[in-house]
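Just so it is clear, none of the values below were taken in a lab; they were calculated from the coordinates. As the structure is a prediction and not an experimental result, all values here were calculated from the model. Neighbour counts run over all protein chains shown; Cβ positions are idealised from the backbone, glycine included.
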Amino acid sequence: MRLKNRIVFPPIGTRFAGLNGEATQLDVDHYAARAKGGAGLLVVPWVQVETKLGRKIGRHRIDSDEHIRGFREVVEAVHLNDAKIAIQLSHPGRAMTADEAGKEAPISASESYCQPFGTTSRPLFIEEIDYLVESFASAAIDRSSPKSVTTAASVLPKSVSYCSSVRSWGCPLGIVFEPVRRRLGTIWQDLA
């Protein structure tokens, strides 16, 4: 990715998302203004890759074609100002209030208490870990164009080479990006 300069607008929470996690006109205006102001790269913070295992209210989502379409206007507004935009893919994990968690306890690697939210998480099941890995992989690939991949995915080959195994817990990015590689097939080499 080539940028017009090295000015990066970091992922700063705005809570501009609509009630269902969709991008809004506030997002379009906010990111367009920062791009017009001179930032070469803008990062949209904390975009949820799935909502079955937890959903943060007021946070963007990218788990459906409808939500992806909603971001197109944001992207176009940024590109009109000769800047690039990236998305910070995320899942709330244990950082949820009791209201956000609903009937289920928030999820985490193990049972733990989250002081800021006053909730205790439950450990993930193996099937849920696999589901989350696939959710992150799905969010990393733009469904409308197999050549369009998030910035993080495009730099993976350089990162993963330092890991002893893609499935190693020492290399969590590798665990997420292996399904991306699998889905992209031969296109992956073109991105490296």
R0 of 25 Å, Cβ-Cβ distance Thr120-Leu19: FRET efficiency to nearest 0.05: 0.35
Computed lengthening from Gln88 to Tyr131, 0.36 nm per intervening residue step minus Cα-Cα distance: 13.6 nm
Protection proxy ranking of 3-11, 61-69 - average other beta-carbon atoms within 10 Å, highest first: 61-69, 3-11
